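Here's the structure we're looking at; comments come further down.
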Amino acid sequence: MAQERLDKLLSSTGRWSRKEVKELVRHGRVRANEVLVARPEDKYDPETTAIQVDGELVDCAPFVYIMLHKPAGLLSATEDKRQKTVLGLLPEYLRRRGLFPVGRLDKDTTGLLLITDDGALAHELLSPKKHVDKVYLAQVEGQVNQEDVDVLAEGMVLGDGTRCLPAGLKPLEDGSRCLVTLREGKYHQVKRMLAARGKPVLTLKRLSMGPLVLDDGLNPGNWRFLTPNERVSLQRAVSRT
């Protein structure tokens, strides 16, 4: 990757202005690969340079990728004048980067939510043509059966004429819990499909998106940055032809 000025790299994180970066450097608080930075205009490759401020490693990569365990009660949106959104769970410096959730989970749906500012990757992950599976755990009224499995596997047409691509359905335990696998993300799709089968959804949780699996160590409302391996796996998932 091309080298960039240090003040531009650090200010792009949203944590400092260029003027503030200049002061950090002047007071000897910034290091690049363990070497004290002498000038804010010095250039570095963000992919190969370990940049530290006050001893803390700062990720200056061009895009941010965050795994969030979405709790119930929040909107999967960037902002809303009347209700709280998932971005409110992130620190202010990240919110200033223009992050957005990849796809939407209903207000009462929980689980895996990818948040990023990489628009190209988000578009690819949501495209049905890329066949990136999204897996949900649903608790329903009643019990799903083999007929439900067969109907979803064939592709459904909902009551309003909405056509749904073939989807996976796997009953668990007594059949009141099931895994639903989608390759698209129409409005309230899992709930509408199961309701059409006479099995209204009581709770819904997204477990995975392609190779990205919800971290068991993340409690609802908590988040973390994706690991390098997770970022690579997502890129590979959408680059397959």
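Data table
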read-out: Leu125 out of contact with any Gly (no Cβ under 6 Å at 6 or more places or on another chain) and either aliphatic (A, V, I, L, M) or not in a strand (DSSP E or B) (or both); value: yes
read-out: Residue list for segment 146-204, filter: among the small types (Gly, Ala, Ser) and touching a Leu at 6+ places or on another chain (Cβ under 8 Å); value: Ala153, Gly155, Ala167, Gly168, Gly185, Ala196
read-out: Residue that is nearest to the chain's Cα centre (by Cα) [pool: residues in segment 84-99 that are part of a loop (DSSP other than H, G, I, E, B) and without any contact (Cβ under 8 Å) to a residue 12 or more places away in the chain]; value: Pro91
read-out: Selected residue [on the phi < 0 side of the Ramachandran plot and in contact with a Ser or Thr (Cβ under 9 Å, 6 or more places away or on another chain)] from Tyr65, Tyr44; value: Tyr65
read-out: Which listed residue is within 24 Å of Pro211 (Cα to Cα), surrounded by 14 or more Cβ atoms within 10 Å (Cβ to Cβ) and touching a residue at least 12 places away in the same chain (Cβ under 8 Å), from Val102, Val53, Val58; value: Val102
read-out: Tally, over segment 186-215, of residues that are assigned to a loop (DSSP other than H, G, I, E, B), of a type outside the set (Ser, Thr, Tyr) and more than 14 Å from the chain's Cα centre (by Cα); value: 6
read-out: Residue list for segment 6-25, filter: in contact (Cβ under 8 Å) with a residue 24 or more places away in the chain and charged (D, E, K, R); value: Asp7, Arg15
read-out: Scan of segment 220-230 for residues that are modelled with pLDDT under 90, assigned to a helix (DSSP H, G or I) and within 14 Å of the chain's Cα centre (by Cα), ordered by number; value: none
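The values are calculated or read from the model by the stated rules, or taken from the named source; none is laboratory data. If you're wondering where the values come from, they're calculated on a predicted model, not measured in any experiment. Positions of Cβ are generated from backbone atoms using ideal geometry, with glycine treated the same way; all protein chains shown enter the neighbour counts.
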